[in-house]
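Presented below is the structure to which this report refers.
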């Protein structure tokens, strides 16, 4: 029910003479304003009560100023007819029999005088004696349009955010991300996520979604996940990715106005370790929805009726925080043997039946992602269309997908894939799953690090040699799984005979890629830089050179990483003391972090050290004044691997700043 619907419902009930209405909400201020407007629209006066402030405005001639509930109920008769009384948090006092009795005594007079008591609070508990006299209404959370107003309020409150370019699709995505929050919570979430924001991207959406974590923290049945992995972290599965990108548009406001129904979810069946769980996490980031995992085994309790109530509570929470993604991992284990046990276990039968009905009929935008390994154990009722939009089969990765997976895992650990013969690795790992390829990369990195040498092609090949793939140990089971999926599931990787022929030609061709081992005469810092280990390379570079000026650092590392940009570094002890300008955010963060961790040290060198060389376009100062400076100035510094003689805590922490067009 929308705000407009509940507003109209309240209007009709008040005009019809309902004496007692319990209004459940956490948004006291928002609904107090709305009820004020409602009172005006039905020609009713509005009186507000709380245990601390009493009745406002007070009754005529009242001088006692008592604020207790019994005194308040006695004073209501002193007000003229046709009034609404908004009673805040009266529910704790309903445990008092005198308060309950007084309310029951008042009902005839309230009806006759056109008065209604509106009990506003976060709970809807009603004493047994009042059940037949009270109407309970759950007030809805803000709608999309109301949340859009909160977003506009945040954008207008900050001059910097007024310059932020947000198109309609991004605005819809932002608003969708906070659906389920109160207006105040949404306002705070927008302000936090957009603070110092330069562009609206996935990180902004993820920050908004994280605000919903508390909504599931009180549940022992659900587990909230941060949105960390995206579709770019999934190697291959292009057919599945394309399907998800298309369906993600169906959650937009424009799709809703066109009558397009929101997708219900997908079932990912396939070989273990091939990216089903990773895809589930990536789907949530793509949609910008909170990701919550449910383990069906947590629902089961020994007390009669508790298991069913657990399921109802879980589904209610998911619909409350909607739009959301419900992740059912290894659902085959939850439903294993269902057909055999259903007749013997009525509780399990009711749980499964209730869940299947919800999958079919729920209207809230809850996208379900279920994963399964032993799909032949699933009940047929779960697999039929209408429960899931699509069933995908995730097989072992092909040659191209293995290349992507190797590149992804090398890059995630800071190593440049182009320094290794990735095609050769993909060639010799036929039958390996994505998880096994990750194990190869991780094991090779650990081995090289333990031996204090650069990661080489040979390390990766050695790790591959000692890894026995699941396709060998479970060959028969994988064959059966593929046979089951044939004709039942849509392949996550599209079948294309032309692509397969091109793949075979490429695999037969000669490949010549450096093995990444590096020459013996190449400095260690340069080897690290070439392999993408920029931060560690800078430390080794400073050790190698002893004194390093910022312009030299930028020049020598420019071919390996982005060094120049729109950021600068200043002393945190005096933000007017500028160390360097026009550097990349990555470089600013590396230097700031390593200086604070005392892996690098700043040493004043004087402006003469930069004579005739590039430096910030600011007036230089030879030493840092004792008092904070009134205007920005350049403090010439060099980087060293040893502390400044005598020490200086003023040089120990840096702050990153974003520069304008002019320094």
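Brief remarks follow.
- Scanning the stretch 531-541 for residues that are in contact with a helix residue (DSSP H, G or I) (Cβ under 8 Å, 6 or more places away or on another chain) and touching a residue at least 40 places away in the same chain (Cβ under 8 Å) yields a total of 6.
- Only residues that are more than 16 Å from residue 440 (Cα to Cα) and surrounded by 20 or more Cβ atoms within 10 Å (Cβ to Cβ) were counted in the stretch 401-418, giving 0.
- Residue check, residue 19 on the phi < 0 side of the Ramachandran plot, in the same structural domain as residue 82 (by TED's automatic domain parsing) and out of contact with any strand residue (DSSP E or B) (no Cβ under 8 Å at 6 or more places or on another chain): no
- Residue match in the stretch 566-575 (condition: assigned to a helix (DSSP H, G or I), modelled with pLDDT of 85 or more and either outside the structural domain of residue 449 (by TED's automatic domain parsing) or closer than 24 Å to residue 417 by Cβ (or both)): no
- Residues being in a loop (DSSP other than H, G, I, E, B) and more than 24 Å from residue 180 (Cα to Cα) - total across the stretch 128-142: 3
- Criterion violated by residue 310 - all others in (1) farther than 21 Å from residue 485 by Cα; (2) within 19 Å of the chain's Cα centre (by Cα) satisfied: (2)
- Test: residue in the stretch 48-58 that is touching a residue at least 12 places away in the same chain (Cβ under 8 Å) and surrounded by fewer than 14 Cβ atoms within 10 Å (Cβ to Cβ): yes
- Taking the stretch 222-308 as the region of interest, the helices (runs of 4 or more DSSP H) fully inside it that hold 2 or more residues being over 20 Å from residue 328 (Cα atoms) are 238-248, 253-257.
- Screening 577, 561, 588 for residues that are closer than 29 Å to residue 412 by Cβ and surrounded by 18 or more Cβ atoms within 10 Å (Cβ to Cβ) leaves exactly one candidate, 588.
- Odd one out for residue 528, checked against (1) within 29 Å of residue 448 (Cα to Cα); (2) free of Cβ contacts under 8 Å to residues at least 60 places away in the same chain: (2)
- Neighbours by Cβ (under 8 Å, 6+ apart or cross-chain): first from the stretch 79-93, over 22 Å from residue 130 (Cβ atoms); second outside any strand (DSSP E or B): 81/113; 81/114; 81/115; 82/43; 82/44; 82/113; 82/114; 82/115
- Meets criteria (under 30 Å from residue 174 (Cβ atoms) and not assigned by TED's automatic domain parsing to the domain that holds residue 255) for residue 108: no
- Criterion: in contact (Cβ under 8 Å) with a residue 12 or more places away in the chain, more than 21 Å from residue 543 (Cα to Cα), touching a strand residue (DSSP E or B) at 6+ places or on another chain (Cβ under 9 Å) and in a strand (DSSP E or B) - qualifying residue of 582, 613, 650: 582
- Residue match in the stretch 385-392 (condition: assigned to a helix (DSSP H, G or I), assigned by TED's automatic domain parsing to the domain that holds residue 283 and in contact with a strand residue (DSSP E or B) (Cβ under 7 Å, 6 or more places away or on another chain)): no
- Residue match in the stretch 194-205 (condition: at pLDDT below 85 and under 19 Å from residue 366 (Cα atoms)): yes
- Checked against the criterion of being part of a loop (DSSP other than H, G, I, E, B), at pLDDT 90 or above and assigned by TED's automatic domain parsing to the domain that holds residue 563, the candidates 639, 602, 624, 618 yield just one match: 618.
- Among the residues of the stretch 244-266, those identified as over 20 Å from the mean Cα position of the chain (by Cα) and either free of Cβ contacts under 8 Å to residues at least 40 places away in the same chain or not assigned by TED's automatic domain parsing to the domain that holds residue 323 (or both) are 246, 255, 256, 257, 258, 259, 260, 261.
The values are calculated or read from the model by the stated rules, or taken from the named source; none is laboratory data. On a predicted model such as this, the values are computed, not experimentally measured, just so you know. In this analysis, Cβ positions are derived from the backbone assuming ideal geometry, glycine residues included, and neighbour counts consider all displayed protein chains.
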